[in-house]
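Below is one structure, written out as structure tokens, with a few remarks after it.
The values are calculated or read from the model by the stated rules, or taken from the named source; none is laboratory data. Every value quoted in this text rests on a predicted model; they were computed, and no experiment measured them. Because the Cβ atoms are built from the backbone with ideal geometry, glycine has one as well, and the counts that use them run over all protein chains shown. Just so you know, the surface numbers come from the protein's heavy atoms only, side chains and all, with ligands and any DNA or RNA stripped out. Shrake-Rupley method; radii C 1.70, N 1.55, O 1.52, S 1.80 Å.
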There are 2 protein chains.
Amino acid sequence: MAYDDLPFRMLAASNAMTEAIDAGVRAAGYPDLRPAHGFAFVRLSGPGCTLVELADHMGMTKQSASTLVADLERKGYVRRSPHPVDGRATMLTLTPRGVAATEAASRAGRDVVRRWAREVGDERLEVFAQVAAVMAREGRVRPTW
Amino acid sequence: MAYDDLPFRMLAASNAMTEAIDAGVRAAGYPDLRPAHGFAFVRLSGPGCTLVELADHMGMTKQSASTLVADLERKGYVRRSPHPVDGRATMLTLTPRGVAATEAASRAGRDVVRRWAREVGDERLEVFAQVAAVMAREGRVRPTW
DNA sequence: ACCATATAGTCAGACAGCCTGACCAAACAG
DNA sequence: CTGTTTGGTCAGGCTGTCTGACTATATGGT
């Protein structure tokens with residue numbers, strides 16, 4: 001078997017996923033969010049984190065992360081508050097709007113997965129997810145989107 | 001089933017693929033090539049194409065494509081020649097070095113696919129490829145890599 | 001044959017997202 | 001209580017993309 005075009009299929013599939021989620025998020029009323037933001041939101045969810053932790057998660061410098069956070073704060077998705085125990089650090093957390101946007105993204109993701117599941121069947125999708133997990137082991141999730 | 005992290009797996013898997021190919025190409029002696037270049041090479045292979053055709057393939061403006069081609073020409077991977085029938089256009093083709101780099105990329109792709117096939121089995125990989133094809137139908141292959 | 005319009009490609013300028021380097025202030029370790 | 005580490009900002013630069021304006025060739029209607 002050749003699988004010469006598997007790289008292209010994988011790329012196209014992952015782009016289709018990203019675009020579907022992005023479109024869902026926009027349609028839900030958050031047109032100023034881009035896919036990279038969603039990746040940040042994952043880390044910001046729950047208890048939140050500091051800037052350096054976010055930068056590490058995103059695989060970027062703290063300077064770049066700082067710019068990103070400033071943007072998200074200006075748009076009303078992220079809040080900065082003093083760190084409870086470390087006077088140098090800032091705690092970053094999602095605002096209610098940020099949480100709502102995160103939920104919209106999850107919903108959009110579930111929707112497209114469900115649609116695909118109907119097309120290919122639950123069994124095949126399950127195999128796909130398992131194989132993807134194996135492949136994903138050696139690949140960082142970079143916010144290349 | 002949840003599949004809440006399927007988007008991340010897909011992204012990580014596609015990044016793993018891209019990085020494996022990129023690493024293979026570098027190791028084969030083409031350190032000045034980046035994944036986006038490989039995507040251009042696909043269109044430049046064989047009879048070649050014009051700048052506008054390449055731009056369309058890459059999903060970018062002709063101005064950006066022009067910059068890309070200038071870079072590839074300077075590095076010795078692409079040749080410009082007058083178009084046989086259209087005096088306005090330029091024919092873009094791969095140099096022997098460009099063809100060799102393309103082959104190195106194919107080889108690297110096959111290698112990593114073969115490795116994964118050994119891990120998950122031919123059957124599961126086949127299902128993966130089929131499902132990816134379905135997903136890929138609605139996603140452009142953008143040179144986001 | 002001629003002119004109007006469409007097309008291939010270039011040049012110039014701007015912007016977004018990322019980087020490196022230098023720096024400040026709080027925390028921590030001896 | 002002083003030296004080093006760590007969280008974060010500011011300043012400046014690079015790269016890849018974009019839009020807008022332009023030249024030159026091709027094409028089609030009269």
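I need the phi-derived Karplus couplings for the stretch A:39-44: 6.51 cos²θ - 1.76 cosθ + 1.60, θ = phi - 60°, integer Hz, Gly and Pro marked x.
So the J values, rounded to whole Hz, are 5, 5, 4, 4, 6, 6.
Can you give the charge dipole size of the stretch B:6-136 about its Cα centre, rounded to the nearest 20 debye, using +1 on the beta carbon of Lys and Arg and -1 on the beta carbon of Asp and Glu? Intermediate results must be reported in sequence, preceding the final value.
Working: 17 positive and 14 negative charges, 60 e Å.
Here the stretch B:6-136 has a charge dipole of around 280 debye.
Rounded to the nearest percent, how much of the accessible area of the stretch B:6-136 (1.4 Å probe, protein heavy atoms only) is carbon and sulfur?
Of all accessible area on the stretch B:6-136, carbon and sulfur atoms account for 54 percent.
Keeping every protein chain present and rolling a 1.4 Å probe, give me the accessible area per residue for chain B in Å². Spell out each step's value before the answer.
Working: 7290 Å² over 145 residues.
Here the residues of chain B average 50 Å² of exposed surface.
Starting from the alpha-carbon convex hull of the stretch B:6-136, give the projected area averaged over all orientations, in nm².
Value for the stretch B:6-136: 9.3 nm².
How long are the three semi-axes of the equivalent ellipsoid of the stretch B:47-89, in whole Å, if each is the root of 5 times an eigenvalue of the C-alpha gyration tensor, listed from largest down?
Computed over the stretch B:47-89, the values are 16, 14, 9 Å.
For A:R115, which inter-copy label distances result when the label point lies 7 Å beyond Cα on the Cα-to-Cβ vector, reported in nm to one decimal and in ascending order?
Those separations, rounded to one decimal, come out as 3.4 nm.
Could you tell me which trypsin sites (Lys or Arg not before Pro) in the stretch A:76-145 are loop residues by DSSP with no more than 14 other beta carbons within 10 angstrom of their beta carbon?
Within the stretch A:76-145, the qualifying trypsin sites (Lys or Arg not before Pro) (loop, at most 14 other Cβ atoms within 10 Å) are A:R88, A:R137, A:R140.
What accessible area, summed over both chains, is buried at the A-B interface (1.4 Å probe, Å², nearest 100)?
4800
Dimensions of the protein assembly as shown along principal axes (Cα, Å, largest first)?
That works out to 67, 42, 35 Å along the principal axes.
Mind listing, in residue-number order, the residues in the stretch A:14-51 that have at least 40 Å² less accessible area with every protein chain present than in their own chain alone (1.4 Å probe)?
A:S14, A:N15, A:M17, A:E19
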